[in-house]
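Working notes, structure below.
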Amino acid sequence: MRKKIIAGNWKMNTTPDEGVDLALKIYSFLSNYNLDQNCKVILGVPFTHIDRIIQKVDSSKIAIAAQNCSQFDSGAYTGEISVKMVKNLGANYIIIGHSERRQYFSENNELLAIKLRQCYNNNINPIYCCGETLSERDSNRHFEIVKEQIIESFKDISESEMLNTIIAYEPVWAIGTGRTATPSQAQEMHNYIRLIIKDLFNQIVADEVSILYGGSVNSANASELFKCADIDGGLVGGASLKPDDFINIIKSAK
Ligand code: PEP
């Protein structure tokens, strides 16, 4: 049975001290909360915070994700962070292909395929983001765009690698805008993504992969979204920085 996942994406927010405080607030809630066995909480934190947070929280309650990685193994790539480095700190997930990386750092599907390969080769689970821009949706190209992103990024991956992958559908027009996809818009795309995975692999793999919705998820809209058949939780940006809101979103995942 596929997992329900609530993942936070802190982006470039909080100092390490503030990040530890925030993680400890969520950890203290989870330590006294009967989270469904099938549900997982992941925090996508800046690289600089990973080590300190991992020292303070029990990984069975909170798993840690990095927000990016290098496409290279090691070497003369000043300023880059490899998957092996992230893994060595104890993080088990990496967000790959967030729309902000596609938009501001020119990451394309071809590069993302290499980053995914780095994740699989180092036994780290990617949280792969896909989603269309507003103009792509307005011109009715959203299905075509998401299909192209997935097919180009996931070429040459095995069934077991796909099973270690989380997909996040994040319509770009809904990220950080306060504008959320309606549950039916999100469900329609999630169902479509599951069909793409079925076509690339098979029904068993398609049924096992968790597909998260991202785009202005908050404590008021989370439960409606998470009730949809193909929505297996959320990738939460802004609201993941507010402990009470994030905790309420976790409570919405049943
Ligand atoms: C995100 O950063 O992945 C995101 C969905 O942000 P927000 O929830 O703020 O829209």
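The values are calculated or read from the model by the stated rules, or taken from the named source; none is laboratory data. Bear in mind that the values here come from a model prediction, so they are computed numbers and not experimental data. In this analysis, Cβ positions are derived from the backbone assuming ideal geometry, glycine residues included, and neighbour counts consider all displayed protein chains. Quick note on the areas: whole protein, heavy atoms, side chains included, nothing else; ligands and nucleic acids left out. Shrake-Rupley method; radii C 1.70, N 1.55, O 1.52, S 1.80 Å.
For every other residue with a beta carbon closer than 9 angstrom to the beta carbon of Lys4, add +1 if it is Lys or Arg and -1 if Asp or Glu, then tell me the sum.
Net charge around Lys4: +2.
Rounded, prolate or oblate: which fits segment 8-50 when a ≥ b ≥ c are the square roots of the eigenvalues of the alpha-carbon gyration tensor, with rounded for a/c under 1.5 and prolate only if a/b beats b/c?
It comes out oblate by the Cα gyration axes.
Would you mind working out the accessible area per residue for segment 101-168, using a 1.4 Å probe, and quoting it in Å²?
48
Could you report segment 30-93's accessible area per residue, 1.4 Å probe, as an integer in Å²? Show your work: numbers first, answer last.
Details: 3400 Å² over 64 residues.
For segment 30-93, the per-residue accessible area is 53 Å².
Let me check I have the definition right: for segment 52-190, take the eigenvalues of the Cα gyration tensor, multiply each by 5, take square roots. What are those semi-axes in whole Å, largest first?
27, 18, 15
Explain nothing, just compute: Karplus ³J(HN,Hα) = 6.51 cos²θ - 1.76 cosθ + 1.60, θ = phi - 60°, for every residue of segment 49-61 in order, whole Hz, x for Gly and Pro.
9, 4, 4, 5, 5, 4, 5, 9, 10, 7, 5, 6, 9
Only four residue types carry charge here, +1 at the Cβ of Lys and Arg and -1 at the Cβ of Asp and Glu. Report the dipole size of segment 125-217 about the Cα centre in Debye, rounded to the nearest 20.
Its charge dipole is roughly 260 debye.
Using only the Cα atoms of segment 183-232, what are the Rg and Dmax in Å?
Using the Cα atoms of segment 183-232, the pair Rg, Dmax is 11.4, 35 Å.
On the full set of protein chains, 1.4 Å probe, figure out the accessible area of Leu163 and give it in Å² to the nearest 10.
Number for this one is 80 Å².
Remind me, relative contact order of the chain in percent, using alpha carbon pairs under 8 angstrom and six or more residues apart?
About 22 percent, as a whole number.
Just how large is the dipole of segment 4-252 about the Cα centre, in debye to the nearest 20, putting +1 at every Lys and Arg Cβ and -1 at every Asp and Glu Cβ?
440
Using the alpha carbons of segment 126-166, what is the convex hull volume per residue in cubic angstrom, as a whole number?
Working: hull volume 2.5 nm³, N = 41.
Roughly 62 Å³ of hull volume per residue.
Under the rule of -39500 (n - 2.57) per DSSP H run of 4 or more residues, summed and divided by the residues of the chain, what mean residue ellipticity at 222 nm is obtained, to the nearest 500 deg cm²/dmol?
Mean residue ellipticity at 222 nm (helix-derived): -13000 deg cm²/dmol.
Checking the a/c ratio against 1.5 first, then a/b against b/c, what shape does the Cα gyration tensor give for the chain?
rounded
Assuming 0.36 nm per residue, please report the length gained on full extension of the stretch Asp36 to Lys3 beyond their Cα-Cα distance. Can you show the working numbers first?
Values: separation 33, 0.36 × 33 = 11.88 nm, distance 0.99 nm.
So the extension gain works out to 10.9 nm.
Taking the solvent-accessible surface of protein heavy atoms with a 1.4 Å probe, what is the per residue accessible area of segment 187-242 in Å²?
On a per-residue basis, segment 187-242 sits at 36 Å².
Ignoring ligands, DNA and RNA, what percent of the 1.4 Å accessible area of the chain is carbon and sulfur? Show your work: numbers first, answer last.
Values: 5500 of 11500 Å².
Carbon and sulfur: 48 percent of the exposed surface of the chain.
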